[in-house]
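Participant: Quick one: structure below, then a few questions.
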Ligand code: B12
Ligand code: SF4
Ligand code: SF4
């Protein structure tokens with residue numbers, strides 16, 4: 001039986017899964033609730049959703065310094081660490097990791113992670129569509145979603161203003177070689193067709209994201225940037241085929 005206390009997974013923070021938040025399932029908007037139901041048979045059994053993310057460079061460093069070997073290192077490592085943590089603290093009946101998905105058929109049914117981030121205060125929309133906040137800039141992402149029968153204290157959304165609303169010069173917009181950010185938000189088609197060009201500067205990075213001055217000290221190392229962007233590059237090539 002869990003008494004109401006804050007969720008604090010030090011073991012996860014130490015391996016770079018350093019962003020953690022709890023939401024009561026009953027407080028979720030209908031839209032998210034509907035996305036959850038196909039992902040579990042036991043939705044009514046669980047009471048809370050625990051969101052795990054990484055901010056900054058630590059996760060990548062930990063993966064590289066461990067002997068962890070996988071074709072999909074970030075998802076697999078995040079899932080494994082999350083599984084180990086919850087198995088230590090919960091009975092197997094009382095938790096379920098619904099993201100990252102284990103099979104590719106599950107991957108089709110995904111949950112809107114940025115929406116969850118918005119609810120708990122991690123996410124503000126940036127011109128290039130990756131979420132941004134004051135503490136981590138855009139250098140964070142969602143690594144695991146767990147449903148649990150638990151009664152942790154829930155996180156309050158104490159989010160300060162979006163960094164973008166206070167950014168006057170908006171260097172990200174000028175830095176995009178495809179001019180994909182000049183209109184009303186990211187023109188994804190323009191970005192994608194530029195990225196696919198043979199001489200594109202954005203095969204393995206987003207110059208707009210790298211031009212943002214917020215929380216620059218947390219910017220991923222270049223090999224991590226390249227890892228993520230070559231994954232999305234591969235997805236882009238596949239979608240269009
Ligand atoms: C599909 C997808 C993509 C597609 C987008 C295609 C499209 N037309 O939407 C592609 C392959 C282009 C993509 C690329 C990237 N993605 Co992406 N992507 C997703 C994914 C799996 C689903 C989004 C979705 O459909 N949500 C559900 C529907 C209902 O939501 P929606 O309201 O329609 O859209 C929301 C967001 O998706 C966002 N959005 C809409 N269009 C786009 C386009 C881009 C490029 C991004 C980043 C966001 C975004 O706006 C809405 C805000 O709530 C999410 C993970 C998830 N499960 O949420 C990650 C996610 C949005 N991606 C993410 C990232 C980091 C990226 C990349 C920057 C990095 C990378 N892996 O290479 C690149 C962007 C590079 C670029 N400029 O091209 C992160 C963002 C983290 C953050 N801090 O906000 C997420 C949340 C994954 C994660 N585990 O954290 N992505
Ligand atoms: S450069 Fe300014 S507008 Fe662009 S993402 Fe950063 S804070 Fe937001
Ligand atoms: S990936 Fe390149 S083209 Fe796309 S938004 Fe970023 S800077 Fe612009």
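FYI, it's all coordinate maths here, none of it is from the lab. Computed from a predicted model, the values in this text were never measured in an experiment. Note: ideal-geometry Cβ built from the backbone for every residue, glycine included; neighbour counts use all protein chains shown.
Participant: Based on other C-beta atoms within 10 Å, arrange 234, 195, 143 from fewest to most.
Facilitator: By the 10 Å Cβ count, ascending: 234, 195, 143.
Participant: Considering all alpha-carbon pairs of segment 109-239, what whole percent are spaced by more than 17 angstrom? Don't skip to the end; give the middle numbers.
Facilitator: Numbers: 5400 of 8515 pairs.
Summing the P(r) tail past 17 Å for segment 109-239 gives 63 percent.
Participant: Modelling each spin label as a point 7 Å along the Cα-to-Cβ direction, I'd like the residue 179/residue 34 distance in nm, to one decimal.
Facilitator: Roughly 3.8 nm, to one decimal.
Participant: Between segment 2-30 and segment 78-103, how far is it from one alpha carbon centroid to the other, in angstrom?
Facilitator: 13 Å
Participant: To continue, here is another question. What is the mean projected area of the alpha carbon convex hull for segment 140-202, to one decimal in square nanometres? Walk me through the intermediate numbers first.
Facilitator: Values: hull surface 29.4 nm².
If you wrap the Cα atoms of segment 140-202 in a convex hull and average its projections, you get 7.3 nm².
Participant: Using the 10 angstrom Cβ neighbour count as an exposure proxy, how do 229, 5 rank, fewest first?
Facilitator: Details: 229 18, 5 9.
Starting with the residue having the fewest Cβ neighbours, the order is 5, 229.
Participant: Right, something else. So what are the three principal axis dimensions of segment 1-40 from its Cα atoms, in whole Å, longest to shortest?
Facilitator: In descending order, the Cα extents are 33, 25, 17 Å.
Participant: Roughly how many whole Å is it from the C-alpha centroid of segment 151-186 to that of segment 115-148?
Facilitator: Rounded to whole Å, the Cα centres lie 11 Å apart.
Participant: Here's a follow-up. With only alpha-carbon atoms in the gyration tensor, what are the semi-axes of the equivalent ellipsoid for segment 127-175, in Å, largest first? Walk me through the intermediate numbers first.
Facilitator: Details: eigenvalues 181, 40, 9 Å².
In descending order, the three semi-axes are 30, 14, 7 Å.
Participant: Further question on the same structure: Whole number please: convex hull volume per residue of the Cα set in segment 84-146, in Å³?
Facilitator: Numbers: hull volume 7.9 nm³, N = 63.
With only Cα atoms used, segment 84-146 gives 125 Å³ per residue.
Participant: Using 0.36 nm times the number of residues separating residue 198 and residue 11, minus their current alpha carbon distance, what extension gain do you get? Walk me through the intermediate numbers first.
Facilitator: On the way: separation 187, 0.36 × 187 = 67.32 nm, distance 4.31 nm.
Stretched out fully, the residue 198 to residue 11 stretch lengthens by 63.0 nm.
Participant: Next question. Write down the radius of gyration of segment 33-83 and its Dmax, each obtained from C-alpha positions, in Å.
Facilitator: Rg and Dmax of segment 33-83, Cα atoms, are 14.6, 40 Å.
Participant: What percentages make up the Cα-Cα pair-distance distribution of segment 12-97 when the bins are 10 Å wide from 0?
Facilitator: Once binned at 10 Å, the Cα pair distances of segment 12-97 give 15, 42, 32, 11, 0.
Participant: Give the Debye-formula value of log10 I(q)/I(0) at each listed q (0.21, 0.25, 0.28 Å⁻¹), with one equal scatterer per alpha carbon of segment 166-236, two decimals each.
Facilitator: Ignoring solvent entirely, the Cα scatterers give -0.96, -1.23, -1.34.
Participant: Additional query: Go ahead and run the numbers for FRET between residue 42 and residue 151, Cβ-Cβ distance against an R0 of 22 Å, rounding to 0.05.
Facilitator: Calculated transfer efficiency: 0.85.
Participant: Calculated from DSSP H runs of 4 or more alone, at -39500 (n - 2.57) each and per residue, what is the 222 nm mean residue ellipticity of the chain, nearest 500?
Facilitator: On the way: 10 runs with 88 residues, N = 241.
Roughly -10000 deg cm²/dmol at 222 nm, from the helical runs in the chain.
Participant: Can you pull the Rg over Rh of the chain, Cα-only, Kirkwood?
Facilitator: On the way: Rg = 18.5 Å, Rh = 19.1 Å.
Radius of gyration relative to Kirkwood radius: 0.97.
Participant: While we're on this one: Give me the number: length gained by fully extending residue 91 to residue 221, i.e. 0.36 nm times residue separation minus the C-alpha to C-alpha distance, one decimal in nm. Could the numbers behind the result be given before it?
Facilitator: Values: separation 130, 0.36 × 130 = 46.80 nm, distance 3.74 nm.
Net length gain for the segment: 43.1 nm.
Participant: Once you keep just the Cα pairs under 8 angstrom separated by 6 or more residues, what percentage relative contact order results for the chain? Intermediate values should be presented prior to the final figure.
Facilitator: Numbers: 339 pairs, mean separation 56.1, N = 241.
Answer for the chain is 23 percent.
Participant: Helix 73-89 against the longest principal axis of the chain: what's the angle in degrees, Cα atoms only, rounded to the nearest 10?
Facilitator: 20 degrees
Participant: Sorted from largest to smallest, which semi-axis lengths in Å does the alpha carbon gyration tensor of segment 67-178 give for its equivalent ellipsoid, taking the root of 5 times each eigenvalue?
Facilitator: Working: eigenvalues 192, 74, 31 Å².
Working through the eigenvalues yields semi-axes of 31, 19, 12 Å.
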